[in-house]
Amino acid sequence: MTANLPDKTRLCSLADIPEGGSKGFNYDGRKLFAVKQRGKIYLYQNSCPHLGIPLEWVEDQFLDSSGCMIQCANHGALFVIETGKCVAGPCNGRALIPLNFHIDDGNIVIST
Ligand code: FES
């Protein structure tokens, strides 16, 4: 039950991330972001493989204009939402670093 978990492991409620949208987090000294697509959650470190800097320029905006790809605002690298793999841009062939998590009672919980 979520109520018994230390607060530290709970990232947010599923409802905090809009369908087809994304959200950034500062979690335990790390920058992360989550994407929700067709009800599924994808969670990555907010660090572009190109320069190791955060991807977004605008808060909580990690997707391209179509909403179908993760996009780094710095130099336009595009990443597959489901895998984090970069398919266009200066870090083509590299990938975002995923984080392990599970869903517990409607909450995203980081797996430690
Ligand atoms: S820092 Fe992300 S594409 Fe350059």
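Scanning the stretch 90-102 for residues that are closer than 22 Å to Gly24 by Cα and among the small types (Gly, Ala, Ser) yields one hit, Ala95. Can you tell me which residue within the stretch 74-93, out of those that are surrounded by fewer than 16 Cβ atoms within 10 Å (Cβ to Cβ) and part of a loop (DSSP other than H, G, I, E, B), is farthest from the ligand (Cβ to nearest atom)? Going through the qualifying residues, I end up with Glu82.
For the subset of the stretch 94-112 comprising residues that are β-branched (Val, Ile, Thr) and over 19 Å from Arg38 (Cβ atoms), which member is surrounded by the most Cβ atoms within 10 Å (Cβ to Cβ)? Walk me through how you get there before you give the answer.
Let us first name the residues in the stretch 94-112 that are β-branched (Val, Ile, Thr), namely 97, 103, 108-110, 112.
After this cut, where a residue has to be over 19 Å from Arg38 (Cβ atoms) as well, the list is 97, 109-110, 112.
Values: Ile97: 12, Val109: 17, Ile110: 19, Thr112: 9.
In this case the residue turns out to be Ile110.
Screening Asn46 on (1) within 13 Å of the ligand (Cβ to nearest atom); (2) surrounded by fewer than 17 Cβ atoms within 10 Å (Cβ to Cβ); (3) under 13 Å from Leu11 (Cβ atoms) shows it passes everything except condition (2).
Take the conditions (1) modelled with pLDDT of 95 or more; (2) buried (at least 16 other Cβ atoms within 10 Å of the Cβ); Tyr27 misses just one of them, which is (1).
Answer with yes or no whether Pro54 is touching a Cys at 6+ places or on another chain (Cβ under 8 Å) and either in a loop (DSSP other than H, G, I, E, B) or within 14 Å of the ligand (Cβ to nearest atom) (or both). Spelling it out, Pro54 is indeed touching a Cys at 6+ places or on another chain (Cβ under 8 Å) and either in a loop (DSSP other than H, G, I, E, B) or within 14 Å of the ligand (Cβ to nearest atom) (or both).
So is Ile41 more than 14 Å from the ligand (Cβ to nearest atom), among the hydrophobic types (A, V, I, L, M, F, W, C) and within 11 Å of the chain's Cα centre (by Cα) or not?
Values: more than 14 Å from the ligand (Cβ to nearest atom): yes; among the hydrophobic types (A, V, I, L, M, F, W, C): yes; within 11 Å of the chain's Cα centre (by Cα): yes.
Considered against the rule, which asks whether it is more than 14 Å from the ligand (Cβ to nearest atom), among the hydrophobic types (A, V, I, L, M, F, W, C) and within 11 Å of the chain's Cα centre (by Cα), Ile41 comes out as yes.
For the stretch 2-17, state whether one or more residues are assigned to a loop (DSSP other than H, G, I, E, B) and modelled with pLDDT of 95 or more.
Residues of the stretch 2-17 assigned to a loop (DSSP other than H, G, I, E, B): 5-6, 17.
Imposing the further condition that a residue be modelled with pLDDT of 95 or more reduces the set to 17.
Yes, because at least one residue in the stretch 2-17 is assigned to a loop (DSSP other than H, G, I, E, B) and modelled with pLDDT of 95 or more.
Looking only at the stretch 41-73, residues that are under 19 Å from Phe101 (Cβ atoms) and either without any contact (Cβ under 8 Å) to a residue 40 or more places away in the chain or touching a His at 6+ places or on another chain (Cβ under 6 Å) (or both) come to 3 in all.
The values are calculated or read from the model by the stated rules, or taken from the named source; none is laboratory data. Keep in mind the model is a prediction, meaning the values are calculated, not measured. Backbone-built Cβ (ideal geometry, glycine too); neighbour counts: all protein chains shown.
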